[in-house]
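The structure appears below as structure tokens.
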Amino acid sequence: MGDVKLMRRSLRSAWQRANTVHEKIIFGAWLKYEKQGEELVAQLLTACGKCEREFEPIDVESHISFDKVIISQDRVSMNDGNQTPQYVIFTIGDEKIVCDRQKISELSAPFHAMLKGCFRESLSETVDLSENNISPSGMRAINYFSLTGSLLDVPQNLLVEISVFANKYCCERLKLACDRKLASLVSSREDALELMEYAVDQNSSVLGASCLQVLLRDIPNCLSDKRVVELFIHANRKELEVMVGPGIFALFCFLSEVSMNLSSSSDTTAHFLERLVDFAENNIQRMLAFHELGCVRLSRKEYDEAYGLFERAANAGHIYSVAGLARLDSIKGEKLLPYQKISSVICSGTPLGWMYQERSLYCDGDVRWKDLEKATELDPTLVYPYMYRSATLMRTENVEGALSEINRILGFKLSLECLELRFFIYLVLEDYKAALRDVQAILTLCPSYKMFEGRVAASQLCTLVREHVEHWTTADCWARLYDCWSAVDDIESLSVIYQMLESDAAKGVLYFRQSLLLLRLSCPEAAMRSLQLAWEQASSEHERLVYEGWILYDSGHYEEGLQKAEESITIKRSFEAYFLKAYALADSSVDSSCSSTVISLLEDALKCPSDNLRKGQALNNLGSVYVDCGKLDAAEECYVKALKIQHTRAHQGLARVHFLRNDKAAALKEMSNLIERARNNASAYEKRSEYGDRELTKADLEMVTRLDPLRVYPYRYRAAVLKSCYVVAVLMDNHKEEEAIAELSRAIAFKADLHLLHLRAAFHEHKGDVLSALRDCRAALSVDPNHQKMLELHYRVNSHEP
């Protein structure tokens with residue numbers, strides 16, 4: 001689904017509910033891998049007295065039950081106790097070790113039989129162990145253990161020797177003590193590799209789990225070590241069971257995922273996926289393994305092997321593998337067969353956007369264009385159709401059409417490939433200023449990005465294009481940033497900040513502004529990277545604390561963010577510290593009475609020095625709090641002040657004030673002003689729809705869907721307006737349930753939004769379609785397991801399941 005937060009939450013749930021210590025190790029390492037670059041968050045939480053446990057290695061011993069290895073033994077003495085000497089002397093070479101016969105005999109049944117049973121050693125004071133691969137030092141340690149039950153200060157090599165001896169003589173407690181001690185000594189890759197071999201030989205699950213944890217927590221670095229790769233790809237099932245218990249499939253899922261990210265066509269990736277196929281235990285696992293290995297074989301141009309794998313996956317029911325078969329048919333020179341295969345997929349069930357995009361590869365001209373239009377209609381988030389249409393229009397010298405087409409998707413999805421294509425269009429037009437803007441936006445999102453199919457660094461092209469653009473002073477940049485921010489032109493703002501960062505300006509402040517823009521553009525990972533750079537470049541301790549607070553806030557740790565704001569204020573009263581405290585307090589407190597505190601904090605922020613860009617934001621936020629408190633005159637004053645310093649978004653707040661005063665005409669005018677001034681205005685059209693008549697509302701929401709199809713409110717409105725316990729649906733007025741469900745399904749096909757799923761489940765329930773309602777309930781609860789209304793609906797529907 002492409003939702004990183006949902007994936008991580010599910011992975012964390014898997015980690016929390018793991019059935020075995022090995023699964024907990026695998027999922028914990030996977031979480032650590034997915035959260036690369038977030039180590040700073042963990043450090044800050046630790047400093048606040050809170051720790052994210054999945055970042056820490058687990059205590060293997062506490063997760064493994066050892067009861068099963070301690071076996072009680074019925075000992076039957078064959079000799080009179082009075083005739084058995086109290087001590088036994090073990091000779092090893094020239095050395096003698098005096099041991100308590102009773103204590104040694106209690107180590108295991110074989111020792112008991114030897115020293116207290118019918119064997120002749122039971123009557124002998126001396127027993128020669130010279131041929132048993134145990135050194136005098138090892139035997140002294142064993143004697144100490146027999147008396148005290150512990151092993152103290154025993155070096156690693158001696159522990160291995162004792163453990164092998166214990167395994168030979170079935171001394172389970174001694175072997176367990178050795179394994180535990182060895183497990184505690186595993187601290188590096190070298191330790192893990194050396195001791196894993198021993199763990200496998202001696203069937204030591206404790207030591208195997210400890211070695212596994214060290215290796216997996218070193219991913220992806222350890223996959224560059226051939227010894228690590230060979231350890232996993234050459235081990236047989238029995239050896240792997242010692243290493244990872246029942247989590248073999250999960251292990252190779254993780255390893256293959258990491259390896260594919262490093263190099264999808266490498267030998268290592270292919271080997272890991274072969275193992276994934278080998279250890280798949282059910283149909284779903286086999287489909288996944290066959291398909292992924294098929295993709296790797298295809299990328300390696302191993303076409304026959306890829307075809308066989310895709311065929312096996314398709315036969316098992318994996319629809320995506322049909323696309324793999326079609327591509328291979330096309331490579332072999334077939335023209336009609338690939339088209340027919342994808343057509344059969346389209347006709348066999350509910351058609352999706354990617355199916356038409358895939359089929360377009362096997363046709364030309366108007367037929368391809370038509371398929372790509374259908375692909376965009378079904379899934380407007382697919383990038384290729386826009387790029388194809390834009391490139392085609394450019395070839396026919398329809399420059400305006402080409403720009404318009406690529407701008408359609410860049411209006412709601414900041415795709416690197418689309419920015420690159422638009423960059424080239426501007427180069428053709430010799431509009432170097434616009435080209436520079438786009439390449440600087442690319443470098444902001446991905447500093448290492450390479451263009452021309454990965455052949456040329458974007459930074460190199462940026463340098464070349466800059467030679468054709470007039471140089472701006474720092475003052476020019478601030479003025480331009482002010483204009484762009486006011487016009488809600490986020491991509492241009494990113495470009496200006498990128499240019500300013502190349503000068504000697506205060507980089508901490510600029511990186512912080514950059515992070516705000518990236519969040520507005522729905523680029524949370526890039527935003528967090530910029531925020532961390534702001535933290536690194538902070539010019540003072542109080543400024544650094546503010547950035548730490550925002551890092552914690554954006555990671556969902558509101559109370560800790562609030563704590564950092566307070567620490568910053570104790571050092572220096574600043575706009576950003578007060579603003580952060582107000583923002584964090586509003587989110588972390590469920591008490592409505594905190595509004596007065598938030599108002600006070602924002603007023604304190606406005607008294608501190610700052611530029612108009614940030615003061616406009618503070619005034620806008622203050623106005624919103626006043627509105628929530630019913631203080632409309634105070635809210636209006638804030639919004640008017642914000643507009644005077646060019647904070648364009650304040651039109652939206654002012655419109656709300658007019659609406660609450662029952663002046664819909666004035667509200668409509670304010671939103672129209674915002675639409676005229678804002679470059680990115682889908683949200684303005686959406687908000688204006690609340691103030692117009694039915695026809696204008698319908699037209700505005702259609703415009704929203706054209707500008708930003710990811711906004712879900714228009715689909716919900718067209719299907720129904722859900723409020724409290726009443727359902728009033730636009731299409732349901734005429735009892736057209738199917739049309740209402742189809743409208744919701746249109747968006748759900750490319751965005752599994754909680755509200756859309758909830759509404760569609762309610763419609764299915766109303767129709768009496770219990771199974772469909774139950775499906776949507778379960779899908780919605782996967783998105784938010786704690787959604788109360790969804791839980792209630794699920795309980796109600798589930799009670800009627802046939």
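The values are calculated or read from the model by the stated rules, or taken from the named source; none is laboratory data. As the structure is a prediction and not an experimental result, all values here were calculated from the model. Cβ atoms come from the backbone with ideal geometry, glycine included; neighbour counts cover every protein chain shown. Just the protein is used for accessible areas: all its heavy atoms, side chains included, with ligands, DNA and RNA removed. Shrake-Rupley method; radii C 1.70, N 1.55, O 1.52, S 1.80 Å.
For the reader, a short list of remarks on this structure follows.
- Filtered by the rule that a residue be acidic (Asp, Glu) and assigned to a helix (DSSP H, G or I), region 746-792 gives Glu765, Asp776, Glu792.
- Which listed residue, of Gly333, Gly317, is farther than 23 Å from Pro351 by Cβ, outside any helix (DSSP H, G or I) and either out of contact with any Leu (no Cβ under 9 Å at 6 or more places or on another chain) or open to solvent by less than 20 Å² (accessible area, probe 1.4 Å) (or both): Gly333
- Screening Val721 against (1) buried (at least 18 other Cβ atoms within 10 Å of the Cβ); (2) of a type outside the set (D, E, K, R); (3) at pLDDT below 95 leaves a single unmet condition, (1).
- Identity of the residue in region 454-466, of a type in the set (Gly, Ala, Ser) and open to solvent by 20 Å² or more (accessible area, probe 1.4 Å), that ends up farthest from Asp489 (Cα to Cα): Gly454
- For region 421-453, the candidate set comprises residues that are within 16 Å of Arg389 (Cβ to Cβ) and not aliphatic (A, V, I, L, M); within that set, the residue that is surrounded by the most Cβ atoms within 10 Å (Cβ to Cβ) is Arg422.
- Listed by position, the helices (runs of 4 or more DSSP H) inside region 116-220 whose residues that are within 21 Å of Met243 (Cα to Cα) and in contact (Cβ under 8 Å) with a residue 60 or more places away in the chain number at least 2 are 172-185, 205-216.
- Look at region 735-760: where a residue is without any contact (Cβ under 8 Å) to a residue 60 or more places away in the chain and among the charged types (D, E, K, R) and a partner is open to solvent by 60 Å² or more (accessible area, probe 1.4 Å) and part of a helix (DSSP H, G or I), sitting 6+ places away or on another chain with Cβ atoms under 6 Å, you get Glu737/Lys767.
- Residues that are open to solvent by less than 10 Å² (accessible area, probe 1.4 Å) and closer than 19 Å to Gly411 by Cα, drawn from region 491-513: Ser493, Leu494, Ser495, Val496
- Where Thr392 falls short, out of the listed (1) buried (at least 16 other Cβ atoms within 10 Å of the Cβ); (2) closer than 30 Å to Ser263 by Cα; (3) out of contact with any helix residue (DSSP H, G or I) (no Cβ under 7 Å at 6 or more places or on another chain): (2)
- Condition met for Arg312 (open to solvent by 20 Å² or more (accessible area, probe 1.4 Å) and more than 18 Å from Phe249 (Cα to Cα)): yes
- Just one of the listed residues (Ser555, Ser574) is hydroxyl-bearing (Ser, Thr, Tyr) and open to solvent by less than 30 Å² (accessible area, probe 1.4 Å), and it is Ser574.
Condition check ((1) modelled with pLDDT of 90 or more; (2) exposed (fewer than 13 other Cβ atoms within 10 Å of the Cβ); (3) within 27 Å of the chain's Cα centre (by Cα); (4) not β-branched (Val, Ile, Thr)) across all residues:
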| residue | (1), (2), (3), (4) |
| --- | --- |
| Cys725 | no, yes, no, yes |
| Ala747 | yes, no, yes, yes |
| Leu757 | yes, no, yes, yes |
| His766 | no, no, no, yes |
| Glu792 | no, yes, no, yes |
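- Qualifying residues in region 642-667 (those that are closer than 14 Å to Ser486 by Cα and not polar (S, T, N, Q)) - the one nearest to the chain's Cα centre (by Cα): Arg649
- Unique match (being closer than 15 Å to Phe579 by Cα and open to solvent by 50 Å² or more (accessible area, probe 1.4 Å)) among Glu536, Glu567, Glu541: Glu567
- The set of residues in region 31-60 being of a type outside the set (D, E, K, R) and closer than 22 Å to Val206 by Cβ consists of Pro57, Ile58, Val60.
- Being free of Cβ contacts under 8 Å to residues at least 40 places away in the same chain and polar (S, T, N, Q) holds for only one residue in Thr381, Thr376, and it is Thr376.
- Residue count for region 240-298 satisfying the condition of being closer than 25 Å to Val21 by Cβ and acidic (Asp, Glu): 4.
- Looking across region 622-672 at every residue that is touching a residue at least 24 places away in the same chain (Cβ under 8 Å) and basic (Lys, Arg), the one that is surrounded by the most Cβ atoms within 10 Å (Cβ to Cβ) is identified as Arg656.
- Answer residue from region 140-169, given it is closer than 20 Å to Leu115 by Cα and small (Gly, Ala, Ser) and is most open to solvent (accessible area, probe 1.4 Å) among those: Gly149
- Considering only residues in region 263-291 that are within 19 Å of Ser321 (Cβ to Cβ) and under 20 Å from the mean Cα position of the chain (by Cα), the one that is modelled with the highest pLDDT turns out to be Leu288.
- The set of residues in region 539-568 being touching a residue at least 24 places away in the same chain (Cβ under 8 Å) and among the hydrophobic types (A, V, I, L, M, F, W, C) consists of Leu545, Val546, Trp550, Ile551, Leu552, Leu562.
- For region 395-424, a residue qualifies if it is in a loop (DSSP other than H, G, I, E, B) and of a type outside the set (Gly, Ala, Ser), and the qualifying residues are Thr396, Glu397, Asn398, Phe412, Lys413, Leu414.
- Test: residue in region 243-262 that is at pLDDT below 95 and more than 17 Å from Trp30 (Cβ to Cβ): no
- Of all the numbered requirements in (1) part of a helix (DSSP H, G or I); (2) in contact with a Phe, Trp or Tyr (Cβ under 8 Å, 6 or more places away or on another chain), Ile284 misses one, and that requirement is (2).
- Residue in region 354-363 that is among the acidic types (Asp, Glu) and either surrounded by fewer than 22 Cβ atoms within 10 Å (Cβ to Cβ) or not in a helix (DSSP H, G or I) (or both) present: no
- Count of residues meeting criterion [modelled with pLDDT of 95 or more and either of a type in the set (Gly, Ala, Ser) or under 31 Å from the mean Cα position of the chain (by Cα) (or both)] in region 321-341: 8
One line per residue, one yes/no per condition, for (1) farther than 19 Å from Val60 by Cβ; (2) modelled with pLDDT of 90 or more; (3) open to solvent by 70 Å² or more (accessible area, probe 1.4 Å):
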site: Gly138; (1), (2), (3): yes, yes, no
site: Asp179; (1), (2), (3): no, no, no
site: Ala183; (1), (2), (3): no, no, no
site: Gly208; (1), (2), (3): no, yes, no
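- Conditions (1) modelled with pLDDT under 95; (2) open to solvent by less than 50 Å² (accessible area, probe 1.4 Å); number of the one not met by Glu702: (2)
- Breaking point among (1) touching a residue at least 60 places away in the same chain (Cβ under 8 Å); (2) surrounded by fewer than 20 Cβ atoms within 10 Å (Cβ to Cβ); (3) assigned to a helix (DSSP H, G or I), for Leu481: (2)
- Check on Asn203, on the phi > 0 side of the Ramachandran plot and open to solvent by 60 Å² or more (accessible area, probe 1.4 Å): yes
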